[in-house]
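Enquirer: One structure, as structure tokens, below. Some questions next.
The values are calculated or read from the model by the stated rules, or taken from the named source; none is laboratory data. A quick note: this is a predicted structure, and the numbers were derived from the prediction, not measured. Note: ideal-geometry Cβ built from the backbone for every residue, glycine included; neighbour counts use all protein chains shown.
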Amino acid sequence: MLYRVIDAEERDALVSAFMQEYEVVAPVKRGRGYVFDVIESPDEIAYDYSTTTASLKKYLLPPRETLMTFNAVDNCITEHAECIPPRVIFGAHACDINAINRLDQVFRDGRYPDPYYTARREATLVVGMSCMPTDDCFCHLWDADEARFGYDLFLHDIGGRYLVSISSVEAANILEAACNPRVATDEDRSDFRQATRTRQLSFNQNIPDIQDVAMLMDAFHKDEFWDELGGRCLSCSACAAVCPTCFCFDLQDRLSPDGTQGERYRVWDACTSPQFAEVAGGHNFRPDGRERVRHRMYHKLNGFLANYDRMLCVGCGRCVSACKADINPIRVLEFFEEKGSEHDA
Amino acid sequence: MMLREPARVVEVNPLGNMTTPLTGEELMANNPYRPWPARITSITDLTPTEKLFEFRLIDERIREAFRHEPGQFVELSLFGVGEAPISISSSPSKRGFIELCVRRAGRFTEALHAMQCGDIVGIRGPFGRGFPFERMKHHDILLVAGGLGIAPLRSLINNIHDERSEFGKVTIIYGSRSPSEVMFRDQFEMWRHRKDFDLYLTVDHPDDTWDGEVGLVTKPFEHLELDARHTYGAVCGPPVMYRFVIDEMRKKGIEYDHIYCSFERHMKCGMGKCGHCQIGHQYVCIDGPVFNYWEAKNIQGSM
Ligand SMILES: Cc1cc2nc3c(=O)[nH]c(=O)nc-3n(C[C@H](O)[C@H](O)[C@H](O)COP(=O)(O)OP(=O)(O)OC[C@H]3O[C@@H](n4cnc5c(N)ncnc54)[C@H](O)[C@@H]3O)c2cc1C
Ligand code: SF4
Ligand code: SF4
Ligand code: FES
């Protein structure tokens, strides 16, 4: 990877340069929290934001997206073009970039590449930014506290300046034109090492580090813990809505009032919603919260791992704040921690 | 109906690399959500609630490219109503036509049942992993269907019949609730008569005319004799059936990984994305719908 250093004051110039050619999405303050939104000026950016309430996925998987339009009278697909603006996501934290990498695996790299996702992804540049963990962050447990790929630039804060990892030509050219990137000195490198270390030591130590959680979930599949945890689920699906790696969706058709024209669209869906696994005839494979919450945790901490060799959860902590019923992966880790200490006692 | 120019689906501005309208196989590869127009060429009433539909894909290139394995399914599309996953019920050897056996179960299937010959629907697929037809060759076969489970198994049964000499003894056990719900009976009876297959038809509720067995699909196992070490089992039916039938097959000594089951789950995309069909870490739409019992045992929540 190529590294250069820029001064902290240069970042606005970098954002402005991107704004010349792209729509720029960045973290901004809204009320008491932060959200990703399209910005009009670099001043709006909250560079030291903690975690945004909702994730970035809406820019790659819109909450509602038309897939095709049709003529319902003769059952034909009609002309339809989706215009995707070239976009820069500025200021994504490592966990969110790792989340995009997981979406890429499902929607772009698999056996059936999704043309809608892929088109958006290809029109998107990602500029990452280093961060410090909040009390709810546990990305380090899943090796998601560092983005190894999936970005065009990554800005590591090393105190008054940034060490910039440069990954794409497109972004390198803009960096070059907007700033004065210089070669890193020994001091820069040493400060980088220090910054990384400080971050690694700042994670909430009360969140148990259970590396074999996937295996434990198999072993404790029938434990009554899941009754307790899932029993309190309100089926609001807030967890899935804010999660950067929840990608389930529904496909639906909608007709014009006269019934002649229509569109097929997809909308976000969630495995925590009661009808998600219901089939014709009314049989529901996951009829209550216990099965649904267990399934969600399973996919996050076990199932995806089996298929892709990495956790689907990136430990961003969003569901920790979003869930009114206190259901989140940390509770699962704590349960296994308790099981371990029962034994010690 | 004339086949329109394939629609332009995604356009990226201004990179330009996706603006060209995608056509033919390229589009098939590039937009797996796009249903292809197919004409209904025949409709047969099977029972009061089930019909057999025969479709022909209109675009010749797509029709030629369409090949399936027994056990695979398509996403059938009625614009304005939606899509539903339906097992292909015809043999892969029946090229150019696709048969689907559909039960009237709700909004989508009602709308389909109301359609006429000549009407146009959309089809995308085939999707999923079917039965291991090649591996099953040179073995005895025991097929157990319950109700609508006969739909996917019929593709396998017909395919076996096409290549009958490649297989040993073939036994079909097919259970229905009542005699009026037995599908494809004439065809099966004919094959039984010709000694192509051993056939056991069972019903829960017989009427005066019924001369087959009465009871659950597991009943014929009582007097079934098979060479378990050289037998493949295949099961498809309502969710409650699997456990019992598989238990019987295991009791007879059929190996775990020689028992194949086709699963039904809620499905939307058919290609491992929407998440609806997931059981444990598996996606029924791409990892299945056909799993062997050993695989199924290793998926949390499969049965
Ligand atoms: C792999 C596979 C093979 C199938 N093969 C056949 C077959 O050969 N013949 C047949 O008659 N039926 C088959 N089914 C079941 C068929 O897909 C459902 O009966 C159909 O989706 C019901 O839709 P509906 O609108 O008529 O029913 P409703 O009960 O009104 O369904 C409401 C909605 O729920 C969803 N839904 C309900 N059940 C399912 C389901 N199983 N899968 C996906 N979505 C569902 C759909 O979005 C549907 O629009 C198969 C299902 C699967 C998964
Ligand atoms: S787990 Fe929490 S956020 Fe998710 S659906 Fe249940 S109550 Fe809502
Ligand atoms: S499950 Fe929760 S912590 Fe994990 S990635 Fe999703 S929102 Fe973040
Ligand atoms: S049907 Fe969408 S993932 Fe299987």
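Enquirer: Report whether or not B:SER155 is part of a helix (DSSP H, G or I), among the hydroxyl-bearing types (Ser, Thr, Tyr) and in contact with a His (Cβ under 9 Å, 6 or more places away or on another chain).
Expert: On the way: part of a helix (DSSP H, G or I): yes; among the hydroxyl-bearing types (Ser, Thr, Tyr): yes; in contact with a His (Cβ under 9 Å, 6 or more places away or on another chain): yes.
Yes, satisfied.
Enquirer: On the given criteria, is B:GLU189 part of a helix (DSSP H, G or I), more than 24 Å from A:ALA280 (Cβ to Cβ) and out of contact with any Leu (no Cβ under 8 Å at 6 or more places or on another chain)? Let's see the steps before the verdict.
Expert: On the way: part of a helix (DSSP H, G or I): yes; more than 24 Å from A:ALA280 (Cβ to Cβ): yes; out of contact with any Leu (no Cβ under 8 Å at 6 or more places or on another chain): no.
Against the criterion (part of a helix (DSSP H, G or I), more than 24 Å from A:ALA280 (Cβ to Cβ) and out of contact with any Leu (no Cβ under 8 Å at 6 or more places or on another chain)), B:GLU189 does not qualify.
Enquirer: Quick check on my filter: what residues within the stretch B:116-141 are touching a helix residue (DSSP H, G or I) at 6+ places or on another chain (Cβ under 7 Å) and either touching a residue at least 40 places away in the same chain (Cβ under 8 Å) or closer than 22 Å to B:ARG95 by Cβ (or both)? Steps first, please.
Expert: Narrowing the stretch B:116-141 to residues touching a helix residue (DSSP H, G or I) at 6+ places or on another chain (Cβ under 7 Å): B:127-129, B:131, B:133, B:137-141.
Once the filter is applied, which keeps residues that are touching a helix residue (DSSP H, G or I) at 6+ places or on another chain (Cβ under 7 Å) and either touching a residue at least 40 places away in the same chain (Cβ under 8 Å) or closer than 22 Å to B:ARG95 by Cβ (or both), the stretch B:116-141 yields B:PHE127, B:GLY128, B:ARG129, B:PHE131, B:PHE133, B:LYS137, B:HIS139, B:ASP140, B:ILE141.
Enquirer: Is it fair to say A:CYS271 is outside any strand (DSSP E or B), within 12 Å of ligand 2 (Cβ to nearest atom) and facing chain B (nearest Cβ under 7 Å)?
Expert: Working: outside any strand (DSSP E or B): yes; within 12 Å of ligand 2 (Cβ to nearest atom): yes; facing chain B (nearest Cβ under 7 Å): yes.
Yes: the conditions hold for A:CYS271.
Enquirer: Go through the residues of the stretch A:67-81 one by one and say whether even a single one is closer than 26 Å to A:ILE174 by Cβ, surrounded by fewer than 16 Cβ atoms within 10 Å (Cβ to Cβ) and without any contact (Cβ under 8 Å) to a residue 40 or more places away in the chain.
Expert: Let us first name the residues in the stretch A:67-81 that are closer than 26 Å to A:ILE174 by Cβ, namely none.
Within the stretch A:67-81 (the criterion being closer than 26 Å to A:ILE174 by Cβ, surrounded by fewer than 16 Cβ atoms within 10 Å (Cβ to Cβ) and without any contact (Cβ under 8 Å) to a residue 40 or more places away in the chain), the answer is no, since none of the residues qualifies.
Enquirer: Also, I was wondering about something else. From the list A:GLN211, A:GLN194, A:GLN200, pick out the single residue that is within 28 Å of A:SER165 (Cα to Cα), under 23 Å from the mean Cα position of the chain (by Cα), more than 14 Å from chain B (Cβ to nearest Cβ) and polar (S, T, N, Q). Even if it seems obvious, please write down each step before you answer.
Expert: Working: A:GLN211 fails: within 28 Å of A:SER165 (Cα to Cα); A:GLN194 fails: under 23 Å from the mean Cα position of the chain (by Cα).
Every option except A:GLN200 fails the conditions.
Enquirer: In the stretch A:139-148, is there at least one residue being surrounded by fewer than 16 Cβ atoms within 10 Å (Cβ to Cβ), within 16 Å of the chain's Cα centre (by Cα), of a type outside the set (S, T, N, Q) and away from chain B (no Cβ under 14 Å)? Break it down into steps so the answer makes sense when it comes.
Expert: Step one: of the stretch A:139-148, the residues surrounded by fewer than 16 Cβ atoms within 10 Å (Cβ to Cβ) are A:143, A:148.
Among the residues that remain, those that are also within 16 Å of the chain's Cα centre (by Cα) are: A:143, A:148.
Narrowing further to those that are of a type outside the set (S, T, N, Q): A:143, A:148.
Checking which are away from chain B (no Cβ under 14 Å) leaves us with A:143, A:148.
Scanning the stretch A:139-148, I find at least one residue that is surrounded by fewer than 16 Cβ atoms within 10 Å (Cβ to Cβ), within 16 Å of the chain's Cα centre (by Cα), of a type outside the set (S, T, N, Q) and away from chain B (no Cβ under 14 Å), so the answer is yes.
Enquirer: (1) within 11 Å of ligand 1 (Cβ to nearest atom); (2) in contact with a strand residue (DSSP E or B) (Cβ under 8 Å, 6 or more places away or on another chain); (3) not hydroxyl-bearing (Ser, Thr, Tyr): which one isn't true of B:GLU110, the others all being true?
Expert: Of everything listed in (1) within 11 Å of ligand 1 (Cβ to nearest atom); (2) in contact with a strand residue (DSSP E or B) (Cβ under 8 Å, 6 or more places away or on another chain); (3) not hydroxyl-bearing (Ser, Thr, Tyr), B:GLU110 misses just condition (2).
Enquirer: Here is a further query. Considering each of A:CYS319, A:CYS271 in turn, give the residue that is more than 16 Å from ligand 1 (Cβ to nearest atom), farther than 30 Å from A:ALA81 by Cα and hydrophobic (A, V, I, L, M, F, W, C).
Expert: Selected residue: A:CYS319, the only one of A:CYS319, A:CYS271 that is more than 16 Å from ligand 1 (Cβ to nearest atom), farther than 30 Å from A:ALA81 by Cα and hydrophobic (A, V, I, L, M, F, W, C).
Enquirer: While we're looking at this one, here's another question. Looking only at the stretch A:249-264, decide whether some residue is assigned to a helix (DSSP H, G or I) and either within 16 Å of ligand 4 (Cβ to nearest atom) or within 30 Å of A:ARG161 (Cα to Cα) (or both).
Expert: Filtering the stretch A:249-264 down to residues assigned to a helix (DSSP H, G or I) leaves none.
No, the stretch A:249-264 has no match at all.
Enquirer: Would a scan of the stretch B:273-280 turn up a residue that is within 16 Å of ligand 2 (Cβ to nearest atom), facing chain A (nearest Cβ under 9 Å) and more than 19 Å from the chain's Cα centre (by Cα)? Show your work before the answer.
Expert: So in the stretch B:273-280, the residues within 16 Å of ligand 2 (Cβ to nearest atom) come out as B:275.
Still in the list and also facing chain A (nearest Cβ under 9 Å): B:275.
Pick out the ones that are also more than 19 Å from the chain's Cα centre (by Cα) and you get B:275.
Yes.
Enquirer: Report, ordered by the first and then the second residue, all pairs with beta carbons closer than 9 Å, sequence separation of six or more or different chains, a first member in the stretch B:100-111 that is within 16 Å of ligand 4 (Cβ to nearest atom), and a second member that is in a helix (DSSP H, G or I).
Expert: Between residues of the stretch B:100-111 that are within 16 Å of ligand 4 (Cβ to nearest atom) and residues that are in a helix (DSSP H, G or I), the close pairs are B:PHE108/A:ALA280.
Enquirer: Still on this model: Within the stretch A:81-116, which residues are away from ligand 3 (no atom under 16 Å from the Cβ), at pLDDT 90 or above and small (Gly, Ala, Ser)?
Expert: A:GLY91
Enquirer: Another question, if that's okay. Looking at the stretch B:68-92 only, could you name the residues that are hydroxyl-bearing (Ser, Thr, Tyr), within 9 Å of ligand 1 (Cβ to nearest atom) and in a loop (DSSP other than H, G, I, E, B)?
Expert: First, the residues of the stretch B:68-92 that are hydroxyl-bearing (Ser, Thr, Tyr): B:77, B:87, B:89-91.
Cutting the leftovers down to within 9 Å of ligand 1 (Cβ to nearest atom) gives us B:87, B:89.
Of everything in the stretch B:68-92, just one residue is hydroxyl-bearing (Ser, Thr, Tyr), within 9 Å of ligand 1 (Cβ to nearest atom) and in a loop (DSSP other than H, G, I, E, B), namely B:SER89.
Enquirer: Can you spot a residue in the stretch A:279-299 that is within 8 Å of chain B (Cβ to nearest Cβ), assigned to a strand (DSSP E or B) and within 15 Å of ligand 1 (Cβ to nearest atom)?
Expert: No.
Enquirer: Of all residues in the stretch B:239-284, how many are within 16 Å of ligand 3 (Cβ to nearest atom) and not in a loop (DSSP other than H, G, I, E, B)?
Expert: Qualifying residue count for the region: 1.
Enquirer: Let me ask something else. Does the stretch A:246-263 contain any residue that is among the aliphatic types (A, V, I, L, M) and touching a residue at least 24 places away in the same chain (Cβ under 8 Å)? Spell out how you get there, then give the answer.
Expert: Filtering the stretch A:246-263 for residues among the aliphatic types (A, V, I, L, M) gives A:251, A:255.
Narrowing the set further to residues that are touching a residue at least 24 places away in the same chain (Cβ under 8 Å) leaves A:251, A:255.
Yes, there is a match, as at least one residue in the stretch A:246-263 is among the aliphatic types (A, V, I, L, M) and touching a residue at least 24 places away in the same chain (Cβ under 8 Å).
Enquirer: For the stretch A:222-245, give me each residue that is in contact (Cβ under 8 Å) with a residue 24 or more places away in the chain, part of a helix (DSSP H, G or I) and more than 16 Å from ligand 4 (Cβ to nearest atom).
Expert: A:PHE225, A:TRP226, A:ASP227, A:LEU229, A:GLY230, A:GLY231, A:ALA238, A:CYS239, A:ALA241, A:VAL242
Enquirer: Sticking with this one: Residues in the stretch B:57-78: is at least one among the basic types (Lys, Arg), at pLDDT 95 or above and over 26 Å from A:ASP250 (Cα atoms)? Give the derivation first.
Expert: Pass one, the stretch B:57-78, residues among the basic types (Lys, Arg): B:61, B:63, B:67.
Now narrow it down to the ones that are at pLDDT 95 or above: none.
Checked against the condition, which is being among the basic types (Lys, Arg), at pLDDT 95 or above and over 26 Å from A:ASP250 (Cα atoms), the stretch B:57-78 yields no hits at all.
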